[in-house]
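Structure, as structure tokens:
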2 protein chains.
Amino acid sequence: MDNLLDNIEEILLMGPGPSCVHDTVYEALSRKTLGHLDPYFIRIMDAIKHDLRTLLNTGNTLTIPMSGTGSSGMEACFVNLIEKDDPVLILINGVFGMRMQDVAQRLGARVDTLEFEWGTPVIASEVQAKLVDTSYKIVAVVHAETSTGVKNPVQEIGALLKNSETIYLVDAVTSLGGIEIAMDAWGVDALYSGTQKCLSCPPGLAPLSFSEKAVSALESRKNKVPNWYLDLSMIIKYWKGATRAYHHTAPINMHYGLYQALQLIMEEGPDNVYHRHRVCHEELVQGLESLGLSMLVAPGDRLPMLNSVRIPEGVDEAAVRGTLLNEYKIEIGAGLGPLAGKIWRIGLMGHTARQENVSRLLTALKAILF
Amino acid sequence: MDNLLDNIEEILLMGPGPSCVHDTVYEALSRKTLGHLDPYFIRIMDAIKHDLRTLLNTGNTLTIPMSGTGSSGMEACFVNLIEKDDPVLILINGVFGMRMQDVAQRLGARVDTLEFEWGTPVIASEVQAKLVDTSYKIVAVVHAETSTGVKNPVQEIGALLKNSETIYLVDAVTSLGGIEIAMDAWGVDALYSGTQKCLSCPPGLAPLSFSEKAVSALESRKNKVPNWYLDLSMIIKYWKGATRAYHHTAPINMHYGLYQALQLIMEEGPDNVYHRHRVCHEELVQGLESLGLSMLVAPGDRLPMLNSVRIPEGVDEAAVRGTLLNEYKIEIGAGLGPLAGKIWRIGLMGHTARQENVSRLLTALKAILF
């Protein structure tokens, strides 16, 4: 029988993630597996923690990758911090804010939401007004809303919560590695991300960071975390200290991939990486507009790594994506929820954010649409 | 700065997992990442489902890998099946039975346990007696108790539960791919495993299978599964049907690895693979005994893939493991819990189960101990 792996074609991944992967990251994935308690593997773990802290601009000791994809990071943040009936405020302007609401409700939180039009950002003054009413244990927001391409004002919201007891929780799945994150300066207490966006490592791990305030909320829980697999009070004993306690077997080779992906960002320099994302984004927008297409999101609110473009009248959007994939070997994303059929989502994440990729997509789109 | 990945040494992994990985599985991990909704990736997903069903001897439609390591499979089985105050019986004779108890209690189940001496198997007649008292929603047992090297009588316990409404839940983390599993014939309703044991793929995925009885328990829940990330009622929509609905981004490259690991088992033939495990196990036991060492578990109850050997009087067990790792590049496992300092755990899992590996370990042990 044929081995399906032999016929995997290289696709230019310009959707909402996974993104393109550097050859050295692929090589990293195929290094020899070590035991999860091997002292050499622990050195690799320590290097990953160090680089994640650098990229997040945080001194948080509890800064580690969780053994699951980005959504496991969301689950981990909420399940470790929420106890039944805890009041939680979730700011929603897209799919991932809605997912936060669903996760928190399943865990028994009393969830309030503030909703904003999809394609527009969260408005900090409305958050401020809401905070007058209720004292929340957690306020949560998505930094880079992957479903719309909007950047939310994480720093401004953080300023509202400083000196409060509220835990500030941020989804950085799509932002980490593509735009600046200053976790400590912005007062973010709990943050999760994923590897398959701007870190340009295949999916499988969810970087997470907890401030001392978040750790102390975890430590003062009345009940055990209702999720053994994601219980940070146990996991941290595997990631910290001289003697490492086995919790679960870490995904060794995925950690090799993440290590290498972080090395590449550190070698290029985070600021240079962010600059590359911005430049590619500007070229993409200019190119799309010169084809007569228009962007969903207003210029000041756009993410560089996730570009939502309106589908022109009368165009069969799925057929265009099919042609791009099958004939041009380029993947772009469809719209989600109320934006299904209305937008395409073009990713410029991590290693994908190269000018030659922008040109290749624009050339293909021009040929298909005109 | 040095790249730590450049100095990873190849270790002969003879501990309790991860096990040695075949070169073609390493190559698989480094194939080009596809999108999680790419039709070609969906073909690979379908092939994985097919091979897992073959290996489990089941017709269960819901047979998929979860996006986490083996313990996420345990978490997934319990969290999808348990609602608050459900009566659950857990059969315990090692660490992983205890872990099941902890997981189920955190989820609000009313947990009864039957405990058996570590190093001995669960006794089916005692289970039968216990079942007279109470009608349990779930009865759970570990097939291959990795902490002791004991094989539990999964088939016999299944016979006790046939024609009952009880859901029979089995941990097959260490058994899958090393000894026969006949999920349907044995009446197993819910089963989870891990990739890093006898499947010989690096850790990162947890194969899981639900019978129709288990699926209908899931479908008739009063409340949503209190874990968004592992909610099978949503995940199945990504793994089944003509149109695949996005839930979370699957760990693409880990799936390539699992696909290839399953291919290798199918090419060799599962029965031949099991035979190879048995032969290596017998040679190992014979060799250890000829060195004067003794096994923890009685002959009829031993697992071929996990061999618990008593540490001789006066031996510094950690020093021996250190020398094996540093000088001989062989990893073996320490004892856990009450068996810490009392046994070594020698794995013969998947690709590790080769006669040359048995010889290499025996030679090294002889040199170190005598």
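Where a number appears in this text, it was derived from the coordinates with a stated rule and is not lab data. What you are looking at is a predicted structure, and each value in this text was computed from that prediction instead of being measured. Neighbour counts are summed over all protein chains in view; Cβ atoms, including those assigned to glycine, are modelled from backbone coordinates with ideal geometry.
Shape summary: region B:3-46 maps onto an equivalent ellipsoid whose semi-axes, from the alpha-carbon gyration tensor, are 28, 15, 9 Å in decreasing order.
With a 10 Å cut-off around each Cβ of B:204-210, the average count of Cβ atoms from other chains is 2.
Inter-chain neighbour count for A:254-264: the average number of beta-carbon atoms from partner chains within 10 Å of each residue's beta-carbon is 3. In a DSSP loop and with at most 16 other Cβ atoms within 10 Å, the GluC sites (Glu not before Pro) in region A:291-370 are A:Glu313. Our estimate of slack between B:Thr120 and B:Lys222, defined as 0.36 nm per intervening residue step minus the Cα-Cα distance, is 32.9 nm. Extending 7 Å from the Cα toward the beta-carbon at both A:Gln128 and A:Thr61 defines two label points whose distance is 3.6 nm. For the protein assembly as shown, the share of DSSP beta bridges that are antiparallel, to the nearest 5, is 50%. Within region B:48-96, the proportion of C-alpha pairs whose separation exceeds 16 Å stands at 58%.
Cross-linked pairs A:Lys137/A:Lys224; A:Lys197/A:Lys224; A:Lys151/A:Lys213; A:Lys213/B:Lys224; A:Lys151/B:Lys224: Cα-Cα separations exceed 22 Å for A:Lys197/A:Lys224; A:Lys151/A:Lys213; A:Lys213/B:Lys224; A:Lys151/B:Lys224.
When B:Tyr192, A:Tyr238 are arranged by Cβ crowding within 10 Å, least crowded first, meaning fewest neighbours, the order is A:Tyr238, B:Tyr192.
For A:Ala159, the point set 7 Å out from Cα toward Cβ sits 7.4 nm from its twins in the other copies, listed from shortest up. Note on the protein assembly as shown: with charges restricted to the Cβ of Lys and Arg (+1) and Asp and Glu (-1), its dipole about the Cα centre is near 560 debye. Rounded to whole Å, the principal axis extents of the Cα atoms in region A:30-123 read 47, 31, 28, largest first. Other residues within the sphere of radius under 11 Å centred on the Cβ of A:Asn57, judged by their own Cβ, net out at -1 (K and R +1, D and E -1).
Only helical runs count toward this figure. For the protein assembly as shown, summing -39,500 (n - 2.57) over DSSP H runs of n ≥ 4 and dividing by all residues gives -12500 deg cm²/dmol at 222 nm. Longest stretch of chain B clear of exposed loop sites (trypsin sites (Lys or Arg not before Pro), DSSP loop, at most 11 other Cβ atoms within 10 Å, sites excluded): B:223-370. With a Förster radius of 25 Å applied to the beta-carbon distance between A:Glu156 and A:Ser294, the computed FRET efficiency rounds to 0.40. Loop-located GluC sites (Glu not before Pro) across region A:47-146 with a Cβ neighbour count of 13 or fewer within 10 Å are A:Glu117, with loop assigned by DSSP. Legend: P(r) of region A:24-266 from all alpha carbon pair distances, 10 Å bins from 0, whole percents, reading 8, 34, 37, 17, 4, 0. Across the identical copies, the 7 Å label point of A:Lys366, projected outward along Cα→Cβ, sits 7.4 nm from its counterparts, in ascending order.
Taking Cα pairs under 8 Å and at least six residues apart, what relative contact order does chain A come out at, in percent? After rounding, I find 25 percent. Taking label positions 7 Å along the Cα-Cβ direction at both A:Asp46 and B:Ser233, the computed distance is 4.7 nm, reported to one decimal. Pair-distance distribution P(r) for the protein assembly as shown, from all Cα-Cα distances in 10 Å bins starting at 0: 3, 15, 25, 26, 19, 9, 3, 0, 0 percent. Ignoring aspartates and glutamates fewer than eight residues from B:Lys237 along the same chain, the ones with Cα atoms less than 18 angstrom from its Cα are A:Asp102, B:Asp38, B:Asp46, B:Glu212, B:Glu219. With R₀ set to 45 Å, the beta-carbon distance separating B:Glu180 from A:Met266 gives a calculated FRET efficiency near 0.40.
Between copies, the label points at B:Gln355 (set 7 angstrom from Cα along Cα-to-Cβ) are spaced 6.3 nm, reported in nanometres from shortest to longest. Taking the centroid of alpha carbons for each part, region B:270-324 and region A:45-123 are 45 Å apart.
Can you give the % of DSSP beta bridges in chain A that are antiparallel, to the nearest 5? Roughly 50 percent of the beta bridges in chain A run antiparallel, per DSSP. Each Lys or Arg adds one and each Asp or Glu subtracts one; over the other residues with Cβ under 9 Å from the Cβ of A:Arg106, this totals -1.
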